[in-house]
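The values are calculated or read from the model by the stated rules, or taken from the named source; none is laboratory data. In this text, all values refer to a predicted model and were calculated from it rather than measured experimentally. Cβ placement follows ideal geometry from the backbone for every residue including glycine, while neighbour counts extend to all protein chains displayed. Surface areas here come from the heavy atoms of the whole protein model, side chains and all, with no ligands, DNA or RNA. Shrake-Rupley method; radii C 1.70, N 1.55, O 1.52, S 1.80 Å.
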Amino acid sequence: MDKLIIRGGKRLSGTIPISGAKNAALTLIPCALLTEEAVTLRNLPRLADIDGFQHLMTQFGVSHTIPGKRPEDFGRNVTLEAMRITSSVAPYDLVRKMRASILVLGPLLARTGEATVSLPGGCAIGNRPIDLHLKALEAFGAQIELAQGYVKAIAPDGGLPGGDFDFPVVSVGATENALMAAVLCNGTSRLINAAREPEIVDLCNLLGAMGAEIEGIGTSELTIHGVKKLHGATYRVMPDRIEAGSYACAAAITGGEVRLEGADAGDMGSTLHALRNIGVEVETDKLGVNVAARGPLKAHNLTTAPFPGLATDMQAQLMSLLTRAEGTSVLKETIFENRFMHVP
């Protein structure tokens, strides 16, 4: 059995570079399916999920090469090229390992007119249905069938016409899938009550660099004017706000001080606000974030919420930090019903 041996009692201090964001990278990779030309992604994080997603992309005939690394990139650089889509089927054996695999549905449908994707697996933090993904694609004109554990989506002859979809609840993944499908629709599409997470903005920025026409980036209403064709691009993955926040909590819980090199304070507003209220010193500049815990920590009440609220992915780390605070803190989870599995 694998195990971790932790010898505690050490104050964490120093400088650490922040990786490219996993949640952004897993959305940017399938954008390569939308064009015949090469898409180069810089600063990809070194994670098993990234390797797994690249393996899934080869299922569709996507080649990938590793260009030279630049000094400013902490992660990997990969060039993806989907000159010809050889398959529009994402099989169970590949999809079951990673929930983000469902994000190939929109781009495959838009590029080839059809997509067959196994229902996703993923983590056990709660119920995460894909009904909003499917309803958004239906609003764009797709025909959806569910059979034997697979989703099959078919576009009308001539491609998806496009349309409007109003999300009944905010969904990051469904917004991403809908965006990637909408950019190649024949008409204009609108996404209302769309997710506003920085990773959505990163996706919009890459699509824009590829020739997509998107209005309202960073807001809850996105208007996408479909284009006939997208071209290749080179794009740097945004820094991981969850990784940066986790290191900040690790430094604070040990009474340490850390420089988060490359962290974007603008994407971490709710986390940095919580840290300051707990009594952690936070300083920001264009090149990163400095965090220091020099005095007693204070109790603080927190509630998770869609961006720009407190990210559910930061709840466990902040709860750990608050076990060291003076007084009683109350944490409320509003995103996933099983997000307190770490409490025992």
Notebook entry, point to check: When only Cα pairs under 8 Å and 6 or more residues apart are kept, what is the percent relative contact order across the range 104-204?
Noted result: 31 percent
Notebook entry, point to check: Once you put a point 7 Å from the Cα of Ile144 and another 7 Å from the Cα of Ile66, both along the Cβ direction, what distance in nm separates them?
Noted result: 3.8 nm
Check: Per residue, how many Å² of accessible area does the range 172-226 show with a 1.4 Å probe?
Finding: 28 Å²
Notebook entry, point to check: Tell me, what HN-Hα J-couplings in whole Hz come from the Karplus equation 6.51 cos²θ - 1.76 cosθ + 1.60 at θ = phi - 60° for each residue of the range 286-297, using x for Gly and Pro?
Noted result: 5, 9, x, 9, 10, 10, 9, 10, 10, x, x, 8
Margin query: Please report the antiparallel percentage of DSSP beta bridges with both residues in the range 225-344, rounded to the nearest 5.
Written below: 70 percent
Next item on the list: Only bridges with both residues in the chain count here: give the DSSP antiparallel percent, nearest 5.
Entry: 65 percent
Item checked: Over 29 Å between alpha carbons, listed pairs Lys10/Lys97; Lys22/Lys152; Lys10/Lys298; Lys97/Lys152; Lys22/Lys298 -> Lys10/Lys97; Lys22/Lys298
Margin query: Below 14 angstrom from the Cβ of Thr271, what's the summed charge of the other residues (Lys, Arg +1; Asp, Glu -1)?
Written below: -4
Item checked: Backbone HN-Hα couplings from phi across the range 146-161 [Karplus 6.51/-1.76/1.60, Hz, Gly and Pro as x] -> 10, 7, 6, x, 10, 9, 10, 10, 10, 8, x, 4, x, x, 5, x
Check: Just from the alpha-carbon atoms, what are the Rg and Dmax of the range 1-146 in angstroms?
Finding: 17.9, 59
Notebook entry, point to check: Share of the chain's accessible area from carbon and sulfur, percent, 1.4 Å?
Noted result: 51 percent
Item checked: On Cα atoms only, tilt of 241-253 relative to the major axis of the chain in degrees -> 10 degrees
Check: When only Cα pairs under 8 Å and 6 or more residues apart are kept, what is the percent relative contact order across the range 187-344?
Finding: 18 percent
Checklist line | Helix 172-182 axis, angle to the chain major axis (alpha carbon atoms, nearest 10°) | finding: 30 degrees
Item checked: Relative contact order, percent, the chain [alpha-carbon distance under 8 Å, six or more residues apart] -> 17 percent
Checklist line | Kirkwood Rh in Å, taken over the chain so that all alpha-carbon pairs contribute | finding: 21.1 Å
Next item on the list: Kindly rank 20-26, 166-172, 231-237 from highest to lowest mean number of other beta carbons found within 10 Å of each residue.
Entry: 20-26, 231-237, 166-172
Margin query: Quick check on the range 116-241: what does the Kirkwood estimate of hydrodynamic radius come out to from the alpha carbon pairs, in Å?
Written below: 15.2 Å
Next item on the list: As a check on your grasp of the helix formula, calculate [θ] at 222 nm for the chain: sum -39500 (n - 2.57) over DSSP H runs of n ≥ 4, divide by the residue count, round to the nearest 500.
Entry: -7500 deg cm²/dmol
Next item on the list: Quick one: which residues, 5 or more positions from Asp164 or on another chain, have an amide H under 5 Å from its amide H? H modelled 1.01 Å from N in the peptide plane, none for Pro or chain starts.
Entry: Arg190
